[in-house]
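S.K.: Here you go, one structure.
The values are calculated or read from the model by the stated rules, or taken from the named source; none is laboratory data. Source: prediction; values computed, not measured. Neighbour counts run over all protein chains shown; Cβ positions are idealised from the backbone, glycine included. For accessibility, only protein heavy atoms count, side chains too; no ligands or nucleic acids. Shrake-Rupley method; radii C 1.70, N 1.55, O 1.52, S 1.80 Å.
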Amino acid sequence: MAETLRLILVVHQHQPVGNFDAVIQRIYRDSYQPLLATFERWPALGLSLHTSGPLLEWLAAHHPDYIERLASLAAAGRVEILGGAYSDPILSWLPRADRVAQIVDYGDVLERRFGTRPRGMWLAERVWEPTMAADLASAGIEHTVLDDVRFLAAGLNESQLGGYWLTDDDSPPIALFTGSERLRYLIPYAPPEQVIAHLRRVARAQPGATIVYADDAEKFGAWPGMREHCFEHGWLPRFFEMLSAERDWLRVTTLREVIDHVPPQGRVYVPEGSYREMSTWSTLDSRPQQLGKAEHAEEVVDAPTQPAGTWRNFRVKYPVVDELTARMLHVSRRWARVHRASGTSDTLVAARRALHLGQCGDAYWHGIFGGAYLPHLRQAAYQQLIAADGLLDEITAGHSPEVSATLDDFNADVHHEVLLRNSRLMAFFAPQQGGMLYELDVRSPAANVLATFARRPEPYHISPAAPANYESNGHAEHRAEPAPPLVYDQYPRKSLLDHFFAADVRLTDVAEARAHERGDFITGRYERRIRRHADRVELELSRRGKMLGHAVRITKTIALAADSSVLDIEYTLEGLPRNVPCCFAVEFNLAGAWEAAETDGRAAGVGGEAWQFVVGDSLAMIDPALGVEFAIQSARDAGFWTFPVNTLSRGQVGLESIQQSTVVMPHWHLVSDSRDAWHVQLSIATRGLRHSEPVAGSL
């Protein structure tokens, strides 16, 4: 039988910035190493392989022999090394200059490592927008892979999916290969014989066609049960053996070989989108959905109609993603300004590398993996962005004041936020949203102690039952706890949030979001006033609102001095109704799981239960993972409530409970018997317990 079908296996290897070494080591052992070792045994087969930049750095440091084996296979023409954006970001969200720079920089790395520059690239999550064609061409890329559903959305039919098409955007053309959704569902779940039978049907229906399988390497060994299935039970060797035995009609080759020897099918302009499941995850509807069996790759089914979601809506769906994106874009714009003003330097190159690492895509969306729900991934992105900012400060030293207050639309919501900044802290305030403090960066170690996540409904919450204990997916190394009651937040879990409760309010009601709010200050708009002094800046936020129908004014003034790790805060409450008892509380959320430092001769820790400190004037907490201490001091004795905020999110093997923040809420019971104002002074000290360096290494 004459050769009639080309099969291209495109495999993507990636681990997110901030993932734990032990997790990556396990995935290397269970997936990357045995996959390559099995492939080496079948010399007739070709492979197009992508490894993201952070993972390649890790492999070069921990398993240099693996890199040497890849280089030998690449030199022999068996493996096509694919390029891509260095940190595997979702390109649609990056400024165009960063898109090109990430691809070019990683092309340089791969050329140094493997001796040839990549011609093709892996597109993170296969998220496509038509304007990307010009960026890929500008970066020297010739070809990439999109899912076949995108071509069907362009108006092609299934008989036209067996090859590649050209596209452009006022630019040289690039080639778009059609990745087979059916093969993604078959490999490696269906018996190898079933896969071969499917390939035979394609060969008969479309003589001379090219069919592409493109998916994650972690499916081969790292996903639950797949190490046994693929290697111990022999699925992958049997599959490779069968492919090799069908050489009379089937050639297993690479994207590059097809580009060099097979003409394109024509020109097409593919609309924006990704694979089918991503379009479901990115929909804004949080009601329970019938996702269909297509979401479960182990089931080989006919997938339902393509949903209408777009990846950009993750920024709408999850405020934490919007905040992280806005911070990333702010650093990117600042880098560009410094570059224009100062030219290129080693420090500027290091700042760009940290920026690129902070753009790693995993923390910016949520699907079958934890993604944005995982605190250590969000914190890793912030670490890199804060480190990039610090490196830019080194370049601009002498041109900026020691302490500053800046008014700007930092989060692109058409309102002005305020940034108080010195050499130790960066504090971002949103006057239009309760006057809240929504980001607090400790510059050494680089950490945003307000990288929190508010609880929200998800479609999969319709069935919250989950195993009490199981190992999380490959992006985290922790054990899930029993599913907590479903509680959703009605406001962002940030800081300097002003509450009025009933005088007899209980901690459990506050912790479980059942306490009735008696004021309108949590999300209300505060007026702002900035005062600048030589060595100190002040932000005054005030709001005339309602408390039980009475007009009450809250004024909170936040001051930051040069070279200080302390925010000094003064509260003034005016117009409190006479002889009406109430509880006034100020909410702080600290991202992650914090422990209480010793207080009044004893220490306590945050567990799964709400807990409370007795009345006092101070509270100190630490997060050993971040290496940060947070201390709050009150000029008046206060009660201190503390409790965890846990989300319930979907991981690869089920639902998992994750502690997103620790609430610290000083509160005071008030009964006004005059028209006098009530005052309290607070100080918030946030300091690093150790110095941290950005993990912006270079290959």
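S.K.: Hey, does the stretch 122-145 have a residue that's surrounded by fewer than 17 Cβ atoms within 10 Å (Cβ to Cβ), touching a Lys or Arg at 6+ places or on another chain (Cβ under 9 Å) and on the phi > 0 side of the Ramachandran plot?
M.R.: Checking the stretch 122-145: at least one residue is surrounded by fewer than 17 Cβ atoms within 10 Å (Cβ to Cβ), touching a Lys or Arg at 6+ places or on another chain (Cβ under 9 Å) and on the phi > 0 side of the Ramachandran plot.
S.K.: Turning to a different aspect of this structure: Here are some conditions: (1) in a helix (DSSP H, G or I); (2) in contact with a Leu (Cβ under 6 Å, 6 or more places away or on another chain). Trp165 meets all but one. Which one does it not meet?
M.R.: (1) is the only condition that Trp165 fails.
S.K.: Also, I was wondering about something else. Pro666 - would you say it is in contact (Cβ under 8 Å) with a residue 12 or more places away in the chain, open to solvent by 10 Å² or more (accessible area, probe 1.4 Å), within 19 Å of Glu595 (Cα to Cα) and over 19 Å from the mean Cα position of the chain (by Cα)?
M.R.: no
S.K.: What number of residues in the stretch 242-251 are surrounded by 15 or more Cβ atoms within 10 Å (Cβ to Cβ) and part of a helix (DSSP H, G or I)?
M.R.: 3
S.K.: Anything in the stretch 556-571 that is touching a Lys or Arg at 6+ places or on another chain (Cβ under 8 Å) and modelled with pLDDT of 95 or more? List them, or say none.
M.R.: Ala559, Leu560, Ala561, Ala562, Ser564, Ser565, Ile569, Glu570, Tyr571
S.K.: What residue, of Thr555, Thr523, is open to solvent by less than 30 Å² (accessible area, probe 1.4 Å) and within 23 Å of Leu682 (Cα to Cα)?
M.R.: When all the criteria are applied, what remains is Thr555.
S.K.: Of everything in the stretch 319-341, what is free of Cβ contacts under 8 Å to residues at least 40 places away in the same chain and closer than 28 Å to Ser282 by Cβ? Give them in sequence order.
M.R.: Residues satisfying the conditions do not exist here.
S.K.: Can you tell me which condition Leu548 does not meet? The list is (1) open to solvent by less than 70 Å² (accessible area, probe 1.4 Å); (2) among the aliphatic types (A, V, I, L, M); (3) in contact with a Gly (Cβ under 9 Å, 6 or more places away or on another chain), and all the others hold.
M.R.: The failed condition is (1).
S.K.: Across the stretch 342-354, which residue is least open to solvent (accessible area, probe 1.4 Å) among those that are part of a helix (DSSP H, G or I) and free of Cβ contacts under 8 Å to residues at least 40 places away in the same chain?
M.R.: If we take residues in the stretch 342-354 being part of a helix (DSSP H, G or I) and free of Cβ contacts under 8 Å to residues at least 40 places away in the same chain, then Val349 is least open to solvent (accessible area, probe 1.4 Å).
S.K.: Taking Ala303 as the residue in question, decide whether it is open to solvent by less than 10 Å² (accessible area, probe 1.4 Å), in contact with an Asp or Glu (Cβ under 8 Å, 6 or more places away or on another chain), closer than 27 Å to Leu156 by Cβ and modelled with pLDDT under 95.
M.R.: Answer is no for this residue.
S.K.: Of everything in the stretch 169-183, what is outside any strand (DSSP E or B) and under 29 Å from the mean Cα position of the chain (by Cα)? Give them in sequence order.
M.R.: Matches in the stretch 169-183: Asp169, Ser180, Glu181, Arg182, Leu183.
S.K.: Residues Val262, Val268, Val212: which one is under 21 Å from Arg119 (Cα atoms), surrounded by 21 or more Cβ atoms within 10 Å (Cβ to Cβ), at pLDDT 95 or above and β-branched (Val, Ile, Thr)?
M.R.: The match here is Val212.
S.K.: Identify all residues within the stretch 384-409 that are buried (at least 18 other Cβ atoms within 10 Å of the Cβ) and either part of a loop (DSSP other than H, G, I, E, B) or of a type in the set (Ser, Thr, Tyr) (or both); write none if there are none.
M.R.: Correct list: Val403 only.
S.K.: Step by step: first the residues of the stretch 77-110, then only those that are over 22 Å from Pro16 (Cβ atoms) and of a type in the set (Gly, Ala, Ser), then the one that is most open to solvent (accessible area, probe 1.4 Å). Which residue is that?
M.R.: Ala97
S.K.: Which one of these is open to solvent by 10 Å² or more (accessible area, probe 1.4 Å) and closer than 26 Å to Leu374 by Cα: Ala74, Ala61?
M.R.: Matching residue, one of Ala74, Ala61: Ala61.
Each row is one residue, and each column tells you yes or no for (1) under 30 Å from Ala61 (Cβ atoms); (2) touching a Pro at 6+ places or on another chain (Cβ under 9 Å); (3) at pLDDT below 90; (4) not small (Gly, Ala, Ser).
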residue: Thr599; (1), (2), (3), (4): no, no, yes, yes
residue: Leu619; (1), (2), (3), (4): no, yes, no, yes
residue: Val628; (1), (2), (3), (4): yes, yes, no, yes
residue: Phe643; (1), (2), (3), (4): no, no, no, yes
residue: Asn646; (1), (2), (3), (4): no, yes, no, yes
residue: Ser649; (1), (2), (3), (4): no, no, no, no
residue: Gln660; (1), (2), (3), (4): no, yes, no, yes
residue: Met665; (1), (2), (3), (4): no, no, no, yes
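S.K.: Sort through Leu576, Leu539 and tell me the only one that's touching a residue at least 12 places away in the same chain (Cβ under 8 Å) and either loosely packed, with under 15 Cβ neighbours inside 10 Å or outside any strand (DSSP E or B) (or both).
M.R.: Leu576
S.K.: Tell me, please, whether a residue that is touching a residue at least 24 places away in the same chain (Cβ under 8 Å) and either under 19 Å from Tyr185 (Cβ atoms) or in contact with a helix residue (DSSP H, G or I) (Cβ under 6 Å, 6 or more places away or on another chain) (or both) can be found in the stretch 252-265.
M.R.: yes
S.K.: Here is a further query. Which ones in the stretch 168-191 are open to solvent by 30 Å² or more (accessible area, probe 1.4 Å), of a type in the set (D, E, K, R) and within 27 Å of Phe239 (Cβ to Cβ)?
M.R.: Arg182
S.K.: Sticking with this structure for a sec: Output the number of the condition that Arg113 fails; it satisfies all remaining conditions of (1) out of contact with any Leu (no Cβ under 7 Å at 6 or more places or on another chain); (2) open to solvent by 30 Å² or more (accessible area, probe 1.4 Å).
M.R.: Every condition holds for Arg113 apart from (1).
S.K.: Continuing with this model, one more query. Test each condition in (1) at pLDDT below 85; (2) open to solvent by less than 20 Å² (accessible area, probe 1.4 Å) for Tyr438 and report the one that comes out false.
M.R.: Going through (1) at pLDDT below 85; (2) open to solvent by less than 20 Å² (accessible area, probe 1.4 Å) one by one, Tyr438 breaks only (1).
S.K.: Let me ask you something else. Mind listing whichever residues of the stretch 207-225 are touching a residue at least 60 places away in the same chain (Cβ under 8 Å) and either part of a loop (DSSP other than H, G, I, E, B) or more than 20 Å from Arg6 (Cβ to Cβ) (or both)?
M.R.: Of everything in the stretch 207-225, those that are touching a residue at least 60 places away in the same chain (Cβ under 8 Å) and either part of a loop (DSSP other than H, G, I, E, B) or more than 20 Å from Arg6 (Cβ to Cβ) (or both) turn out to be Pro207, Gly208, Asp216, Ala217, Glu218, Lys219, Phe220, Gly221, Ala222, Trp223, Pro224.
S.K.: Could we say that Leu152 is in contact with an Asp or Glu (Cβ under 8 Å, 6 or more places away or on another chain) and modelled with pLDDT under 95 here?
M.R.: no
S.K.: Right, another one. Can you spot a residue in the stretch 137-157 that is over 29 Å from Gly18 (Cβ atoms) and among the aromatic types (Phe, Trp, Tyr)?
M.R.: Checked the stretch 137-157: at least one residue is over 29 Å from Gly18 (Cβ atoms) and among the aromatic types (Phe, Trp, Tyr).
S.K.: Let me ask you something else. For Ala412, all conditions in the list (1) open to solvent by 20 Å² or more (accessible area, probe 1.4 Å); (2) at pLDDT 95 or above; (3) in a loop (DSSP other than H, G, I, E, B) hold save one; what is the number of the exception?
M.R.: (2)
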